[in-house]
Each structure stands twice: as C-alpha cells, then as structure tokens.
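A short worksheet on the structure shown next.
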Amino acid sequence: VPRRLLDVGEPHSNARIRLRLRNTRDIPESTLLWCTLSHCWGKAEILRLTEANMSALMEEVSPSELPQTFQEAVEVTRALGIRYLWIDSLCIIQDPPNGPDWLQEGVKMHGIYKGSFCTIAASASTDANKGLFRFRDLSLLCPIEVSLNRDEAMPRRRLYRLFRKQNSYVVSRVWGHLASQHLKVQPLNSRAWVCQERYLSPQTLHFSSQLYYESKDCFLSETYPNKSLDLDQHDRMFRQSFDFRHAMIQSLAPSRFANKFYTFIRRKPRKEIWSSWHRVVEQNMACDITRPSDRLIAIGALAKVWKSASQSEYLAGLWKGNLVYDLMWVCRPLSNTGSAEFIAPSWSWARVSGGVSFGRELEEDASVPLIDIVDTEIDLVGDDEMGQVSYGVIELRGI
C-alpha cells in the first residue's frame, strides 16, 4: 500500500473538487481503492512533493498548479468512481533524489500498481503538460463492413479480415498487432519504468490516438470495443513466457492464490523462466531512464515475480541459479559504456547504458558450461534485495 494518495473527492459529486494529499494510514481500509498514473515527466516543470511543501499539500492541492495530464487524470479517476489517485511526483518526496522516502516507497512499486483499481497511461504524451485527451476524427475509428465477391481482387493495404460471414469483411485502419505496435512506439513506452507499470497493473487505460483497454484477459480499443485484439509477436511471446501476466498477478496476489501459483510454476521448465527474464531485461534496457541509478529499482518489482518462480538468489539483475548464462549479455551497440557513478558491478547489465542482448545458448540443449560459480557477494544500499547495490563480486573457476 502506498504511504500517500491524492484525494480527488467523492466520486460523481457536483461539489467543488478539493484536492489534497492523504496518508493512507488515515483512510479506512474498506475505502482504500486507488488509480495510478503512468506518465512521462519530460522536461516540463511540474509540482513535486518536497519536505518544504508537504504540510501545505496535505491541506489542499490547487488544481491550477497541476499540469494538464494530472488534471485530466483526476477527471478520469472521478469518472471511474474512485476517490484516490497515486502520482509518483506528488506521493513520494522528491528531494533529495533517491532520498530515504524514495527508497522506501520505490520498493513498493509492485504493490502500488498491482493493488490499484486501474492504471491511467498517458501513452501519447511526451511530458506532463500534454494531457491525456486528443482531438480526433471519430469517423476514422469506426470500422466498415463490406461485401466482396470471392473472385474480386482483394486490396492489399488497410483491409484486415476480422470475421467472415460468407463474403462479409471488415475494413479498418486499426487491427490486431498494428494496435499493439502503435502503443509500443508511443512516448510513454520508451520509459524503463513502464515495463513493470504496464505488466503489473490489473487493468490499464491507454490514452493515445484512441483509447485502449488492456487487462490480463483482453486488449480492446474504441474501434473494436467488443473484440479482443491480437498482440504482435513480441508482446505475445513476452506475455506467454510461462503465461507471463497470469503468473505475475497470481504471485503478487493474496495468499489464497499461492498454492495454485506454485503448482502452476513447477510445471514450467526452468529454462523458460530464465529465458523470459532475459526478454524482460532486453526490453527494459531498450528504454530510457532519467536517473541511471534507478535502473535496478525500475525492474525490481518484476524481479520479485521471477524470484517467486525461480526461488533463486538475486544478484544485481542476475540470478545465481542461472548465473553462467546470465553473464552472457552484450551491449547493443557494442560501444555503450557505463555511468561514471557506481550503479552495479561491472558484470551486471545494469552497469551500462543503452540496449543489451543475451546469448541464445540457453535455448540450445547441447550447450555445456565451462565455468563453475565458486562464490558470490552483494552489498545492498537498503533492505530490498531487488533494489540498489553498493558492491558486488563473483568468483568463477574454469572447468
């Protein structure tokens, strides 16, 4: 549970909105339901929670001081019938960067997003001033059903068969993997944090050229509100790695799901667990991050899921149970270098900036390791083993 939430007032009330921060310990558990906002900070100057203004914001947050995206997220939250909204910059103390409050709340990300009612994603906005809502031609969103003789030449572009009733087809600009690809190239999805924000949330509303709805069961759009869209090949593989979304929701859910989850995981080959982690890291490292020191924190919530599945020791982004193969990462491009500040040991992918990729030898049954792991040691910055580290060493021995 997050420590603080933005109170947006009674849902569906006509009274003047009075925003204020609330400590969750003061909110009855029966009414503790919140939405989360996923957004790009960009270069815009936005209202942030600090030690200096905390007392004032606990009394009232002026809507006029909020950037457009925050204001519209408040509207959406109220329209959904939810009273509380979590926004990182307003609910975590931002000074100093990576200060005590940030370290304490940052490790709760898995619970904050998993426990939310819904995540509101400002997918098309490059910063907090761009807002959620877009002006668009609604006629372009509506598919058209047409009838064609089978002997007629079929257009090669912008015609996608949704269903067939004898000779009936649907013509649309948006369908299947194209919608998934569209979201993938949106500004928000270039952020490293979004990997865990998107996949941990029970349901997400993506605000882009149209509204998309994503949950563990379906992916809908305004164009096809009653037909779940297909994902592109990468997203499909990413989610289906030991039923990715299902496994994560179960592993982070209350204990009544625990036995079902562990039985489910034990039936999956260990190789699938490790290779799916490699895909997660590759996707995360292909995204931008404002502070390189946050790289391990930005994937920490997902690491908790893999720990539940693997029961292995976590070592600054690598797993002791698969360390030989986890060490087989390379920079993409090869010229990438690490930050001047210490972020992770030199053998961890978190040490470098830019993309990385893993060798696929793990997926080859014929591969034979030529080293043994003698010893490992990690010193943590805080108490969270999936968080920042201050030191790390591994000792290897050739066979």
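The values are calculated or read from the model by the stated rules, or taken from the named source; none is laboratory data. Worth saying up front: this structure is predicted, and the values here are computed from it rather than measured. All Cβ positions, glycine included, derive from the backbone under ideal geometry; neighbour counts span all protein chains shown. SASA here: full protein model, heavy atoms, side chains in, ligands and nucleic acids out. Shrake-Rupley method; radii C 1.70, N 1.55, O 1.52, S 1.80 Å.
For the reader, a short list of remarks on this structure follows.
- One residue stands out in the stretch 365-395 among those that are more than 15 Å from Ser293 (Cβ to Cβ) and of a type in the set (S, T, N, Q): the one that is most open to solvent (accessible area, probe 1.4 Å), namely Ser367.
- Only a single item in (1) of a type in the set (S, T, N, Q); (2) open to solvent by 10 Å² or more (accessible area, probe 1.4 Å); (3) assigned to a strand (DSSP E or B) is not met by Thr119, and it is number (2).
- Residues being among the acidic types (Asp, Glu) and either open to solvent by 50 Å² or more (accessible area, probe 1.4 Å) or without any contact (Cβ under 8 Å) to a residue 24 or more places away in the chain (or both) - total across the stretch 122-146: 2
Each row is one residue, and each column tells you yes or no for (1) under 23 Å from the mean Cα position of the chain (by Cα); (2) more than 18 Å from Ala301 (Cα to Cα); (3) open to solvent by less than 30 Å² (accessible area, probe 1.4 Å).
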site: Val8; (1), (2), (3): no, yes, yes
site: Arg25; (1), (2), (3): no, yes, no
site: Pro97; (1), (2), (3): yes, yes, no
site: Lys114; (1), (2), (3): yes, no, no
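- The residues of the stretch 213-227 that are closer than 20 Å to Asp137 by Cα and outside any loop (DSSP other than H, G, I, E, B), listed by number, are Tyr213, Leu220, Ser221.
- Taken together, the residues in the stretch 37-80 that are under 22 Å from the mean Cα position of the chain (by Cα), farther than 19 Å from Pro187 by Cβ and of a type in the set (A, V, I, L, M) amount to 2.
- Extreme residue, nearest to Ala340 (Cα to Cα), among residues of the stretch 277-300 that are open to solvent by 20 Å² or more (accessible area, probe 1.4 Å) and part of a loop (DSSP other than H, G, I, E, B): Arg291
- Single unsatisfied condition, Ser30 versus (1) of a type in the set (Gly, Ala, Ser); (2) open to solvent by 50 Å² or more (accessible area, probe 1.4 Å); (3) on the phi > 0 side of the Ramachandran plot: (3)
- Any hit, the stretch 100-107, residues being surrounded by fewer than 20 Cβ atoms within 10 Å (Cβ to Cβ) and assigned to a loop (DSSP other than H, G, I, E, B): no
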